[in-house]
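Okay, structure first, notes after.
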Protein chains: 2
Amino acid sequence: MPHVKVYITLKPTLLDAQGRVVEHALGTLGYSRVHDVRIGKYLSMTVEGDRGAVERDVKEMCERLLANPTIEDYRFEVDE
Amino acid sequence: MPHVKVYITLKPTLLDAQGRVVEHALGTLGYSRVHDVRIGKYLSMTVEGDRGAVERDVKEMCERLLANPTIEDYRFEVDE
């Protein structure tokens, strides 16, 4: 059954407040050489069907539920 | 400057409640062929330093702040 990995990230032009907080926290721990921290979501799932159907379904799922296309980008990989 | 991608996932033996909710929501939208949804975090960042130092720092950052090693696994990739 195809295994799918989905990566959802905030669009690059938008301020990532959560990332800024983590970057600051890393700085206070002494990791001051870390920059441009951005935080997204990673989903893994299995989807029944042939590769074409799975790719079509996952794209739809991202548009409808998993991502917010107004502010987020997504990409996914389908492994047989 | 090396670019780092970090993937943080709940350990496989633990119930992923958020993943179950998403799987149920996908089912109600008609995507009933989706199974084993698991949700994790994806972080991207740049880290100054040579590859060895960056790998050592990122491993430490994961252990100390980014992941909870008791319940989460992490892996990361360093791209030059």
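The values are calculated or read from the model by the stated rules, or taken from the named source; none is laboratory data. For clarity, every value in this text was computed on a predicted model and none was experimentally measured. Neighbour counts run over all protein chains shown; Cβ positions are idealised from the backbone, glycine included. For the accessible areas, the whole protein counts, side chains as well, though only heavy atoms, and no ligand, DNA or RNA atoms are used. Shrake-Rupley method; radii C 1.70, N 1.55, O 1.52, S 1.80 Å.
Of all residues in the stretch B:13-29, those that are free of Cβ contacts under 8 Å to residues at least 24 places away in the same chain have Cβ atoms under 7 Å from Cβ atoms of residues that are open to solvent by less than 100 Å² (accessible area, probe 1.4 Å) and assigned to a helix (DSSP H, G or I), 6 or more apart or on another chain, in B:Ala25/A:Leu65; B:Leu26/A:Met61; B:Leu26/A:Leu65; B:Leu29/A:Leu65. The single condition among (1) in contact (Cβ under 8 Å) with a residue 24 or more places away in the chain; (2) surrounded by fewer than 18 Cβ atoms within 10 Å (Cβ to Cβ); (3) not in a strand (DSSP E or B) that A:Val54 does not satisfy is (2). Scanning the stretch A:66-80 for residues that are farther than 14 Å from A:Thr46 by Cα and open to solvent by 70 Å² or more (accessible area, probe 1.4 Å) yields A:Thr70, A:Arg75. One residue stands out in the stretch A:37-51 among those that are open to solvent by 40 Å² or more (accessible area, probe 1.4 Å) and within 7 Å of chain B (Cβ to nearest Cβ): the one that is nearest to the chain's Cα centre (by Cα), namely A:Lys41. The number of residues in the stretch B:11-36 that are open to solvent by 20 Å² or more (accessible area, probe 1.4 Å), in a helix (DSSP H, G or I) and not basic (Lys, Arg) comes to 9.
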